[in-house]
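For reference, the structure discussed in these notes is given below.
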Amino acid sequence: MNHEQWSDLLIDVEELETMAGNEYDKEVEMAKLILNATAPEHDSHALEVASEVHWLGHEFFIVGLLHDAIEDTPKKSMRKKLKQIILRFYGNRIFDAVIAITKRPHQHYFADYLSQVASNPVALQVKIADMRHNLKRTQWDEPSQERASRETKYLNGLKFLGTKIATRYHMEGN
């Protein structure tokens, strides 16, 4: 995201916050503004992920749209401001899910990151949809060691999260 995109996003956010209208439509529009500013080349991926979890509810759809936004924002100061925008505009529940699904630099994928994701029910379902979509996308890549590595990572990640779901389900006595 360059400085111009960031400035445009901040202006659009201010305008959107003052507009009258349906809150759901405003929230979806805000997510699209953020997505367009942070990673326009990934917008079809975010829409696919969001569409896969849409049936679970509005929060899942919004988190699906925003699941990569913080990671895709290069500057620390911009990430901080983006977090403030998400918290202010969406509230704690969506903010907490977006934070839970955001991988931090140097975070171990399985032990730390996926456990963090699994701790939030919205982030968990969105991450499963994200990994499933990423698996579909690797099928179109040229065969390579990198492709095989990504496929293994996503398949193992899905197994890991599935185990977390099964453990939680069993512990709740269902």
Residue list for the stretch 74-89, filter: open to solvent by 30 Å² or more (accessible area, probe 1.4 Å) and over 13 Å from the mean Cα position of the chain (by Cα): P74, K75, K76, S77, R79, K80, K81, Q84, L87, R88, F89
Residue satisfying all of: in the stretch 64-104; out of contact with any helix residue (DSSP H, G or I) (no Cβ under 7 Å at 6 or more places or on another chain) and in a loop (DSSP other than H, G, I, E, B); modelled with the highest pLDDT among these: T102
Any hit, the stretch 124-137, residues being in contact with a Ser or Thr (Cβ under 8 Å, 6 or more places away or on another chain), within 24 Å of T152 (Cα to Cα) and of a type in the set (A, V, I, L, M): no
Total residues in the stretch 108-127, condition in a helix (DSSP H, G or I) and either open to solvent by 60 Å² or more (accessible area, probe 1.4 Å) or modelled with pLDDT under 90 (or both): 6
Number of the condition not met by N134 [criteria: (1) modelled with pLDDT under 90; (2) open to solvent by 50 Å² or more (accessible area, probe 1.4 Å)]: (2)
The stretch 90-104 - residue that is in contact (Cβ under 8 Å) with a residue 12 or more places away in the chain and open to solvent by 70 Å² or more (accessible area, probe 1.4 Å) and, of those, nearest to K76 (Cα to Cα): D96
Pairs with Cβ under 6 Å, 6+ apart, first in the stretch 73-89 and free of Cβ contacts under 8 Å to residues at least 24 places away in the same chain, second assigned to a helix (DSSP H, G or I): L87/F95
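Yes/no per residue for (1) surrounded by 15 or more Cβ atoms within 10 Å (Cβ to Cβ); (2) of a type in the set (A, V, I, L, M, F, W, C); (3) at negative phi:
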| residue | (1), (2), (3) |
| --- | --- |
| L35 | yes, yes, yes |
| L56 | yes, yes, yes |
| V63 | yes, yes, yes |
| A69 | yes, yes, yes |
| D72 | yes, no, yes |
| H106 | no, no, no |
Candidate set: the stretch 17-32, residues that are hydrophobic (A, V, I, L, M, F, W, C) and buried (at least 17 other Cβ atoms within 10 Å of the Cβ); chosen: the one modelled with the lowest pLDDT: M30
Considering residues of the stretch 137-166 that are closer than 25 Å to I99 by Cβ and among the aliphatic types (A, V, I, L, M) only, the residue modelled with the highest pLDDT: L158
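The values are calculated or read from the model by the stated rules, or taken from the named source; none is laboratory data. Predicted, not measured: the structure shown is a model, and the values here were computed from it. No Cβ is skipped: glycine too gets one built from the backbone with ideal geometry, and neighbour counts run over all protein chains shown. Remember, those area values only see protein heavy atoms, side chains included, never the ligands or the DNA or RNA. Shrake-Rupley method; radii C 1.70, N 1.55, O 1.52, S 1.80 Å.
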